[in-house]
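First up is the structure itself, then whatever we jot down about it.
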Amino acid sequence: MSDFMLWLHANYIRPQIDKGEKGDYDFHFDLVGNSLPPAVRTSMEKCLEFTAINAFSLGLKTGAGLAGSASRNP
């Protein structure tokens, strides 16, 4: 993982995830996070970091979410 992607995760991707509405998933995040020992929780955070970075990269590669943001006016 490049330093830039780790920086992007820490400064853009993760804050977006944290402020997003979790809805029914909030209970599950709390359950898993609170039941894991600290060392395992750190490993889980690294797995979530990896997944979020790769999902973000896939979105960039496929252009997902960009169609609605482009101006239609010439």
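Listed values, structure above:
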{"item": "Subset of region 40-68 (residues that are of a type in the set (Gly, Ala, Ser), at pLDDT below 90 and within 23 Å of Met1 (Cβ to Cβ))", "result": "Gly59, Gly63, Ala64, Gly65"}
{"item": "Leading residue by the ranking (least open to solvent (accessible area, probe 1.4 Å)) among those in region 22-63 that are under 16 Å from Tyr12 (Cα atoms) and β-branched (Val, Ile, Thr)", "result": "Ile53"}
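The values are calculated or read from the model by the stated rules, or taken from the named source; none is laboratory data. What you are looking at is a predicted structure, and each value in this text was computed from that prediction instead of being measured. Cβ sites come from the backbone with ideal geometry, for glycine too, and all protein chains shown count toward neighbours. Each accessible area value is taken on the protein alone, full model and side chains, heavy atoms only, with ligands, DNA and RNA left out. Shrake-Rupley method; radii C 1.70, N 1.55, O 1.52, S 1.80 Å.
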